[in-house]
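Undergrad: Following this message is one structure expressed as structure tokens.
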Amino acid sequence: MSLHVDIARPKGVTPRTAIPAAIVIAFIIVAIVVICAFFGGSIAPDSPFTQRLQVGDVPPSAEFLAGTDLLGRDVLSRVIHGAWTALVGPVVVAAGAFAIATVLGLLSGYLGGAVDSAIMRWVDFMLALPGPLVAIVVVGVVGGGYWTAVTVLIILFTAPDTRIVRSAVLEQRPRPYIDAARALGVSKARILFIHILPNVLPIILAYVVLDFAFALVNLAGLSFLGLGVEPGTPDWGRMLFENRTILFTNPVALLLPAAMVILTAVSMNLIGDWLFARFTRQ
Amino acid sequence: MLALRDLAISAAGRAITTGTSLDIARGETIAIVGESGSGKSLTAKAIARLLPPGVSATGRVTYDGTDLLALPEREMQQIRGSRLSLMLQDPFTMLNPLMKSGLHIAEMLRDRPEFRDRAALKAEVARRLTEVGITDPDVAERMPFQLSGGMSQRISLAAALARDPELLIADEPSTALDVTTQAEIIKLLKRVQQSRGMSLVLITHNLRLAFSACDRIYVLYAGSLLEVGTARAVEADPFHPYTLGLLLSEPPADKRVPKLIAIRGKVPGADEVAGRCVFSDRCDWAKEICRVAAPALAELAPGRLTACIRRSEIAAEMQALRGSALAPSDPPQPPDRGIQPIVRTANLVKTFAGRHGRAVEALKGVSIEVRPGESVGLVGESGSGKTTLGRSLVGLETPTNGRIEIGGYDASDFSAMTAVDRAATRRTIQMVFQDPYSTLNPRHSVRRSLSEAIGTIGRFPGSEIDSRIAELLREVGLPEHYAERRPSSLSGGERQRVAIARALSVNPKILVCDEPVSALDVSVQAQILNLFKRLQSELGLSYLFITHDLAVVRQIAERIYVLYLGEIVEHGSAEEVIGRPQHPYTKRLIDSIPH
């Protein structure tokens with residue numbers, strides 16, 4: 001069957017679009033989180049662990065800009081240090097899920113047949129599982145806290161990512177440049193990794209950013225339930241649990257980490273959406 | 001009735017068309033002829049005030065005295081569809097995929113009091129369908145994906161005509177269709193126009209079509225009008241070098257010419273050629289005076305305008321060029337019959353498992369052969385199986401039955417061959433694909449694509465690869481520094497040249513070319529066809545040239561096979577098949593060429 005043919009594409013007028021203000025703000029927020037994660041020790045006014053049991057929880061003041069929590073610890077320092085677990089875990093989840101999903105999606109999309117069916121049925125099964133619940137059960141049973149949670153999330157996130165990679169691969173597969181490579185006798189492995197992968201990478205990366213946001217919220221939730229980080233670790237999700245009782249004495253202690261989770265997740269979502277729109281505008 | 005004055009379209013500050021002026025009277029048919037980037041589609045949309053966001057138009061568009069550009073949107077909506085109708089380019093995406101075909105027409109008629117009654121509406125829809133040549137009223141119940149291209153186009157036409165407009169603008173109404181369907185749709189348009197006394201604006205890139213179907217022609221290039229005149233006058237004696245070039249670029253179907261007059265270079269955007277004659281970069285007669293300022297359209301004879309300021313000086317040369325360009329060449333020498341064919345298929349059958357158990361027989365026992373040094377054309381429309389045949393020869397499809405022999409090897413099933421035989425076969429036969437915009441990996445530079453191709457025939461030191469790449473680029477007429485470029489910075493014609501270079505990098509004996517020029521601008525098509533001819537004489541290549549375009553195949557092929565629904569219905573030398581067709585399908589194909 002011959003292709004539907006376009007008369008040679010018109011000289012498109014694609015103006016260089018400026019980055020929208022919201023995205024710039026999103027990038028700034030993410031930059032702040034990253035800086036806090038790596039240089040928290042130098043930035044934070046105080047140690048996140050020092051307890052002042054006599055002082056207890058006090059609202060913000062000149063000495064403690066965000067007040068203190070129940071154990072007298074400086075909230076601002078804890079929030080700044082909390083950026084680390086807010087960054088590391090989700091990044092590992094996103095990167096891990098991305099790596100596995102890329103391999104599975106490439107194989108599934110290009111090879112088709114039994115391989116495709118097998119992988120897709122596994123994906124269907126994983127998608128049917130209620131993610132956070134599974135994470136809770138596994139971490140609760142196996143123990144191991146934060147990194148167990150990260151591992152479980154990697155496995156859970158791989159499934160939808162595999163589908164996305166697969167559909168991006170399916171889009172490239174019928175294209176003539178792949179046919180040309182096949183006609184030349186280029187090996188399957190080369191076609192997959194040298195030809196197809198670079199062309200699907202941009203879309204995958206956009207989704208990986210969204211994965212990060214999802215993982216952040218999930219991990220914060222698990223920490224809130226006591227199944228993530230070790231108690232005492234400065235972590236935004238954990239702080240939501242610790243500080244919910246002092247809502248009326250020092251609301252900042254609860255609201256600040258909550259705001260950070262929301263801001264970071266929303267920023268990553270916006271950036272991911274924007275990247276995706278850019279890459280698919282071809 | 002409709003008059004455009006200095007309609008200028010721009011987007012994001014860049015000009016797309018410069019001041020265009022146009023007139024059309026009641027019942028007249030005019031053509032706006034142009035290649036890609038000429039601005040013809042946007043001009044049509046500007047008249048109907050349907051420009052995409054970010055694109056704006058200035059000037060005056062007067063319809064029966066009213067300036068359309070100044071009308072408030074609500075009043076413009078009254079005019080659209082009922083007095084002025086626009087039929088867009090692609091029949092496959094023009095219809096709402098979730099709406100039944102009949103509904104596209106019915107929704108235009110619903111508010112009329114006489115069609116309140118369901119039965120009356122249904123009857124009217126059926127009547128409209130017969131007007132566009134669809135006699136089976138059940139078609140109204142079908143969804144767009146169940147329609148062929150020709151039928152979709154007819155439905156779109158019926159919807160555009162539903163409110164009985166006085167003026168119809170048809171943007172490339174037949175381009176995406178098969179050749180025989182194209183002719184039918186154009187005939188239909190003319191018939192409808194006659195019976196309704198409608199005016200018709202036909203937008204096309206096909207000059208021959210414009211000549212045969214229209215009264216007057218406007219030639220648009222890179223956003224500027226270059227020539228205006230009656231079809232007959234312009235065909236007899238084009239006043240502008242571009243029009244002449246376009247005319248000569250279209251390969252004649254009735255004879256083979258030694259070399260097509262191609263317009264060198266590629267089609268620019270309007271803003272790239274501002275401040276001078278838009279065609280001067282590609283014009284063989286351009287002088288300094290042409291580059292000083294953009295020449296205005298001048299009326300050299302009543303009703304005949306041209307933007308060429310050197311017209312009077314070069315008129316004689318232009319005529320001479322035309323005469324010489326159309327002088328037929330000697331018929332090609334048929335190769336010695338004793339030589340073994342490079343490619344031979346015997347009773348090739350390919351059946352695809354279709355949906356719902358309905359198998360599709362793409363090839364029903366096809367036997368062809370190509371001898372060394374020979375150029376064979378495979379002519380057919382969509383659904384004929386020609387692409388399947390081509391793909392089977394290079395191993396991209398495996399035939400269900402039958403035999404393929406390539407270079408002496410049994411290549412009926414590429415996966416069953418030994419690796420050595422397979423590699424040898426791949427060095428014998430390669431393929432050039434249709435769509436220049438996806439034939440190259442967009443993330444790889446030209447150098448990378450070519451190195452990979454060279455790498456399939458062995459390991460060579462870097463310096464050798466570099467020199468081979470330079471050689472290949474020279475062979476296809478591209479400058480050496482193009483090796484560093486990515487496909488996105490190349491034009492369609494240039495990309496196709498790179499694709500040809502890639503196919504040549506393994507030193508094949510035969511190239512299978514699947515519609516290699518169909519997606520290119522006409523002026524570029526001629527360049528690529530000349531390239532194919534040159535490569536054949538220089539490298540002794542054979543071709544299996546797959547196309548639906550008889551005029552194109554006439555210039556390239558010595559022998560032609562005509563494929564229809566998976567079977568060869570006619571076969572012979574190019575002169576025989578085109579000059580004295582035997583099979584009714586071949587005759588239909590030939591009749592479809594606009595003349």
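Since every read-out is calculated from the coordinates, none of them should be taken as a lab result. This one's a predicted model, so the numbers in the text were calculated from it and none came from an experiment. Virtual Cβ from ideal backbone geometry, glycine too; neighbours counted across all protein chains shown.
Undergrad: Averaged over A:73-84, how many beta carbons belonging to a partner chain fall within 10 Å of each residue's beta carbon?
TA: 0
Undergrad: For region B:230-235, just list the computed ³J(HN,Hα) in residue order, Karplus coefficients 6.51, -1.76 and 1.60, θ = phi - 60°, integers in Hz, with x standing in for Gly and Pro.
TA: Values per residue, Gly and Pro as x: 6, 4, 4, 5, 5, 5 Hz.
Undergrad: Please work out how much length the chain gains when fully extended from residue B:565 to residue B:288, using 0.36 nm per residue of separation minus the C-alpha to C-alpha distance, in nm with one decimal.
TA: 94.2 nm
Undergrad: To continue, here is another question. Taking only Cα atoms, what is the 0 to 90° angle, nearest 10, from helix B:179-196's long axis to the longest principal axis of chain B?
TA: Rounded to the nearest ten degrees, it is 10.
Undergrad: If you count, for every residue in B:420-432, the Cβ atoms of partner chains within 10 Å of its Cβ, what is the mean?
TA: 2
Undergrad: Scan around residue B:224 for amide H atoms under 5 Å from its own, H built in the peptide plane at 1.01 Å from N, and keep only partners 5 or more places away or cross-chain.
TA: Those lying under 5 Å, H to H, from residue B:224 are B:18.
Undergrad: Explain nothing, just the number: dipole magnitude of chain B about its Cα centre with +1 on each Lys and Arg Cβ and -1 on each Asp and Glu Cβ, in debye rounded to the nearest 20.
TA: That gives a dipole near 540 debye.
Undergrad: Which net charge results when you count Lys and Arg as +1 and Asp and Glu as -1 among the other residues whose beta-carbon is under 14 Å from that of residue A:94?
TA: Summing Lys and Arg as +1 and Asp and Glu as -1 gives -2.
Undergrad: Tell me which chymotrypsin sites (Phe, Trp or Tyr not before Pro) from region A:138-236 have a DSSP coil assignment and no more than 16 other beta carbons within 10 Å of their own.
TA: Counting only loop positions with at most 16 other Cβ atoms within 10 Å, none of the chymotrypsin sites (Phe, Trp or Tyr not before Pro) in region A:138-236 qualifies.
Undergrad: On to the next question. Quick check: residue separation of residue B:12 and residue B:356 times 0.36 nm, minus the Cα distance between them. What number comes out in nm?
TA: Additional length available on full extension: 118.9 nm.
Undergrad: If you check each cysteine of the protein assembly as shown for another cysteine whose beta-carbon is under 4.7 Å away, which ones come up empty?
TA: A:36, B:214, B:283, B:308, B:513
Undergrad: What residues of region A:163-205 lie in the reach of a label at residue A:95, counting those whose backbone N is under 18 Å from a point 7 Å from the Cα along Cα→Cβ?
TA: A:204-205
Undergrad: Another question, if that's okay. Give the peptides A:34-47, B:578-591 in descending order of average Cβ contacts within 10 Å, highest first.
TA: B:578-591, A:34-47
Undergrad: How far, in degrees from 0 to 90, does helix B:522-539 lean away from the longest principal axis of the Cα atoms of chain B, to the nearest 10?
TA: 10 degrees
Undergrad: Using the Karplus curve 6.51 cos²θ - 1.76 cosθ + 1.60 with θ = phi - 60°, work out ³J(HN,Hα) for each residue of region B:34-51 in order, rounded to whole Hz, and write x for Gly and Pro.
TA: Whole-Hz 3J(HN,Hα) from phi for region B:34-51: x, 8, 5, x, 6, x, 5, 5, 5, 4, 4, 5, 5, 4, 8, 6, 10, 5.
Undergrad: If the chain between residue A:173 and residue A:193 were fully stretched, how many nm would it gain, using 0.36 nm times the residue separation less the Cα-Cα distance?
TA: 5.9 nm
Undergrad: For residue B:347, put the label point 7 Å out on the Cα→Cβ axis and report which residues of region B:384-400 keep their amide N under 18 Å from it.
TA: Answer for region B:384-400: B:399-400.
Undergrad: Past 30 Å, Cα to Cα: identify those pairs from B:45/B:533; B:259/B:386; B:255/B:509; A:188/B:509; B:187/B:266, in the order given.
TA: With Cα atoms farther than 30 Å apart: B:45/B:533; B:187/B:266.
Undergrad: What is the packing order of peptides B:261-269, B:50-58, B:234-242, taking the mean over residues of other C-beta atoms within 10 Å and listing the highest first?
TA: B:234-242, B:261-269, B:50-58
Undergrad: Can you give the local net charge around residue B:86? Use residues other than it whose beta-carbon is closer than 11 angstrom to its beta-carbon, Lys and Arg +1, Asp and Glu -1.
TA: Every neighbour counted, the sum reads +2.
Undergrad: How would you classify chain A from its alpha-carbon gyration tensor, with a ≥ b ≥ c the square roots of the eigenvalues: rounded for a/c under 1.5, else prolate if a/b is greater than b/c, otherwise oblate?
TA: prolate
Undergrad: If you don't mind, there's one more thing I want to ask. What distance in nm separates the simple spin-label points at residue A:277 and residue B:322, each placed 7 Å from Cα in the Cβ direction?
TA: 5.2 nm
Undergrad: Residue by residue through B:515-523, how many Cβ atoms from other chains fall within 10 Å of the Cβ on average?
TA: What the average comes to for B:515-523 is 2.
Undergrad: Enter the angle in degrees (range 0 to 90, nearest 10) between the Cα long axis of helix B:311-325 and the first principal axis of the Cα atoms of chain B, meaning the one along which they spread out most.
TA: Computed tilt is about 40 degrees.
Undergrad: Identify the trypsin sites (Lys or Arg not before Pro) of region B:1-105 meeting these criteria: DSSP loop state and at most 12 other C-beta atoms within 10 Å of the C-beta.
TA: Loop-located and lightly packed - B:26.
Undergrad: Also: What is the spin-label model distance, in nm, from residue B:5 to residue B:23 if the labels are put 7 Å beyond Cα along the C-beta direction?
TA: It is 1.2 nm.
Undergrad: Sorted by mean Cβ packing within 10 Å, highest first, what order do the peptides B:287-293, A:254-260 take?
TA: The densest-packed peptide leads the list: A:254-260, B:287-293.
Undergrad: Moving on. So what's the gap between the Cα centers of region B:236-265 and region B:1-16, to the nearest angstrom?
TA: 29 Å
Undergrad: Next question. Is the C-alpha gyration tensor of region B:333-451 telling us rounded, prolate or oblate? Criteria: a/c under 1.5 is rounded; beyond that, a/b larger than b/c is prolate, otherwise oblate.
TA: Here region B:333-451 falls in the rounded category.
Undergrad: Projecting each Cα onto the charge dipole of chain A (Lys/Arg +1, Asp/Glu -1 at the beta carbon, about the Cα centre), which of A:236, A:256, A:213 comes out farthest on the positive side?
TA: Towards the positive end, the residue furthest out is A:213.
Undergrad: What's the FRET efficiency of residue A:230 with residue A:142 using the Cβ-Cβ distance as r and R₀ = 22 Å, to the nearest 0.05?
TA: Efficiency computed from Cβ-Cβ geometry: 0.90.
Undergrad: Which whole-angstrom value gives the distance between the alpha carbon centres of region B:73-91 and region B:507-542?
TA: If we compute the Cα centre of each part, the gap is 42 Å.
Undergrad: List every residue whose amide H lies under 5 Å from the amide H of residue B:375, counting only residues 5 or more places away in sequence or on a different chain, with H placed 1.01 Å from N in the peptide plane.
TA: Those lying under 5 Å, H to H, from residue B:375 are B:543, B:558, B:559.
Undergrad: While we're on this one: Would you please give the FRET efficiency between residue B:409 and residue B:196, computed as 1/(1 + (r/R0)^6) with r the Cβ-Cβ distance and R0 = 45 Å, to the nearest 0.05?
TA: 0.15
Undergrad: Same structure, new question: Local charge sum around residue B:390 (other residues, Cβ-Cβ under 12 Å, Lys/Arg +1, Asp/Glu -1)?
TA: -1
Undergrad: Still on this structure, I have one more. With r defined as the distance between the Cβ atoms of residue B:60 and residue A:54 and R0 fixed at 60 Å, what FRET efficiency is calculated, to the nearest 0.05?
TA: So, using R0 = 60 Å, E works out to roughly 0.10.
Undergrad: Can you compute the label reach from residue B:537? Point 7 Å from Cα along the Cβ direction, backbone N cut-off under 15 Å, restricted to region B:252-267.
TA: Only B:256-262 pass the distance filter.
Undergrad: Return the distance in nm (one decimal) between the two label points of a simple spin-label model at residue B:116 and residue A:122, each offset 7 Å from Cα along Cα→Cβ.
TA: 6.5 nm
Undergrad: Is it possible to state the helix-based mean residue ellipticity at 222 nm for the protein assembly as shown, with each DSSP H run of 4+ residues giving -39500 (n - 2.57), the sum divided by total residues, to the nearest 500 deg cm²/dmol? What is it?
TA: Result for the protein assembly as shown: -14500 deg cm²/dmol, rounded to the nearest 500.
Undergrad: Give me the percent relative contact order of region A:92-217, please, defined on Cα pairs under 8 angstrom at least 6 residues apart.
TA: Computed over region A:92-217, the figure is 39 percent.
Undergrad: Could you list which residues have their amide H under 5 Å from that of residue B:432, counting only those 5 or more apart in sequence or on another chain, with H placed in the peptide plane?
TA: Sorted by chain and number, the residues that satisfy this are B:512, B:513, B:514.
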